[in-house]
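K.L.:
Following this message is one structure expressed as structure tokens.
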Amino acid sequence: MSKDVPLRNDHTVYILGAGYSVERGYPLISGFLNRMRDAAIWYEQNNQLTQMRAIHEVLKFRLDAASAAYRVPIDLENIEELFSLASAANHKIEKDVRISIAATLEYCRGAEADPLAVVMNAEPKHASVLKARSVKQTLDNQVSTIPLYDALALRFLKALSPKNSTVISFNYDDLVEKSVINLGGTFHYGIATKHENQIGSSYHGNGLAVLKMHGSLNWAYADKREANFTVFEDAAAVLKAGLVPQIVPPTWNKTIAKKLAEVWSSAITRLETATRIYVVGFSMPQTDMHFKYLLAAGLQKNFSLREIVFVDPSDTIPTRAGTILASREIQGGRVKFLAQPICDMVAKRVKHRFGAFRLS
């Protein structure tokens, strides 16, 4: 056994893709540009011209890029492929794409109601948290109604057990972080070098590691020299300050003044001691070629791994997993597939999309 990597029995790593956030109303890649078009109309009606103009420039770039798609197979309705093309072709439009992605997700956050979960017979250690977050509670305090994603963070991601959990996210949104704050917990982004923090005491090095592999909508440089890297409260704060969110497309470079290199290094270190890995709502797209090598780098020294579980309703996941993981791992039963949406990990029944969920 390696002297550098300890054996663990209690470390769960959650790898999140767009499917994790879909119940909150955030679009999947296939529908992102249509939601961006909806957002453009809303920003124009509400006189938020910076966001509107950025989206218009991106949609114009999409039309102009048709010649590239004629010669090279590029899906111009896929925002990540469009983002990658913009990053390679034009520095200005690349900034517009980043602003447009942030603006679209902020629009979606406001356009959809927060789905709720009905929590029954909660563990005693969670009782005070549930009471504080509950929208409705019974007289005997046995049933609480709280936001679905707070329930998922509490029960599924084990957000208040940071020593035993790690979140690796391929999403730009801050859904996990918001839930951690709502639950009274703390988190950090795995960035070791000096950076400014506008979130407050909820952002702490001893909290849950939320490792954002493609950057985050609430990261930005607060000066033109790109010397002052700042974690803002949310994407709205970044846009209000007239700044550009620091996110990168999955197929392009991963360097944001070395910040993302630190995040990737942290992710590899966490994977080295993973007991279980849940891959949730991540379709393993061909555009994200780094995922395979992230797993390979993280697992090459891992002595603790017991299983990898894919949680996704798509029937393509087993096939795609077979292109990334060794067949002996799949055939040996260490890799499992749960063909269900994320809410089913904590729900026995669903009334409707934004209705109530009964938790086990």
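The values are calculated or read from the model by the stated rules, or taken from the named source; none is laboratory data. Small disclaimer: the values here were computed from a predicted structure and weren't measured. Positions of Cβ are generated from backbone atoms using ideal geometry, with glycine treated the same way; all protein chains shown enter the neighbour counts. What goes into the accessible areas is simple: the full protein's heavy atoms, side chains included, and nothing from ligands, DNA or RNA. Shrake-Rupley method; radii C 1.70, N 1.55, O 1.52, S 1.80 Å.
K.L.:
Of all residues in region 38-50, which are in contact with a helix residue (DSSP H, G or I) (Cβ under 6 Å, 6 or more places away or on another chain) and either open to solvent by less than 30 Å² (accessible area, probe 1.4 Å) or among the hydrophobic types (A, V, I, L, M, F, W, C) (or both)?
P.N.:
Within region 38-50, ALA39, ALA40, TRP42, TYR43 meet the criteria.
K.L.:
Go through ARG35, ARG24, ARG53, ARG8 for me and flag whichever is crowded, with 16+ Cβ neighbours inside 10 Å, of a type in the set (D, E, K, R) and more than 30 Å from THR166 (Cβ to Cβ).
P.N.:
ARG53
K.L.:
Report whether or not ARG276 is open to solvent by 40 Å² or more (accessible area, probe 1.4 Å), of a type in the set (D, E, K, R) and in contact (Cβ under 8 Å) with a residue 40 or more places away in the chain.
P.N.:
Here the answer is yes, as ARG276 does meet what is asked.
K.L.:
Does any residue in region 61-83 that is on the phi > 0 side of the Ramachandran plot come within less than 8 Å, Cβ to Cβ, of a residue that is surrounded by fewer than 17 Cβ atoms within 10 Å (Cβ to Cβ) six or more places away or on a different chain, and which pairs are these?
P.N.:
No pair meets every condition.
K.L.:
Here's another thing I want to ask about it. Condition first: part of a helix (DSSP H, G or I) and within 16 Å of the chain's Cα centre (by Cα). Can you find one or more residues in region 108-131 that meet it?
P.N.:
Scanning region 108-131, I find at least one residue that is part of a helix (DSSP H, G or I) and within 16 Å of the chain's Cα centre (by Cα), so the answer is yes.
K.L.:
So, in region 204-219, of the ones that are buried (at least 18 other Cβ atoms within 10 Å of the Cβ) and of a type in the set (S, T, N, Q), which residue ends up farthest from ALA274 (Cα to Cα)?
P.N.:
Among them, the one singled out is ASN218.
K.L.:
Now, a different point. Inspect region 162-170 for any residue being closer than 30 Å to ALA40 by Cβ, at pLDDT 90 or above, part of a loop (DSSP other than H, G, I, E, B) and in contact with a strand residue (DSSP E or B) (Cβ under 7 Å, 6 or more places away or on another chain) and give the result as yes or no.
P.N.:
yes
K.L.:
Taking region 330-360, which residues are among the charged types (D, E, K, R) and modelled with pLDDT of 85 or more?
P.N.:
ARG334, LYS336
K.L.:
Hey, among SER100, SER84, which residue is open to solvent by 10 Å² or more (accessible area, probe 1.4 Å) and either assigned to a loop (DSSP other than H, G, I, E, B) or of a type in the set (Ser, Thr, Tyr) (or both)?
P.N.:
After ruling out the rest, the residue left standing is SER84.
K.L.:
Now a separate question. With the requirement that a residue be modelled with pLDDT of 90 or more and either open to solvent by 20 Å² or more (accessible area, probe 1.4 Å) or polar (S, T, N, Q) (or both), what does region 283-300 give you?
P.N.:
Hits for region 283-300 are ALA296, ALA297, LEU299, GLN300.
K.L.:
Kindly provide the set of residues from region 56-80 that are open to solvent by less than 70 Å² (accessible area, probe 1.4 Å) and assigned to a loop (DSSP other than H, G, I, E, B), ordered by number.
P.N.:
Listed by number, the residues that qualify are ALA65, ILE74, LEU76, GLU77, ASN78.
K.L.:
Quick check, is SER201 closer than 27 Å to GLY298 by Cβ, open to solvent by 20 Å² or more (accessible area, probe 1.4 Å) and part of a loop (DSSP other than H, G, I, E, B)?
P.N.:
Judged against the criteria, SER201 is not a match.
K.L.:
Quick check: is even one residue across region 185-193 closer than 30 Å to VAL119 by Cα, open to solvent by less than 20 Å² (accessible area, probe 1.4 Å) and in a loop (DSSP other than H, G, I, E, B)?
P.N.:
yes
K.L.:
In addition: How many residues, within region 142-158, are more than 15 Å from TYR20 (Cα to Cα), crowded, with 24+ Cβ neighbours inside 10 Å and of a type outside the set (Ser, Thr, Tyr)?
P.N.:
So the answer is 1.
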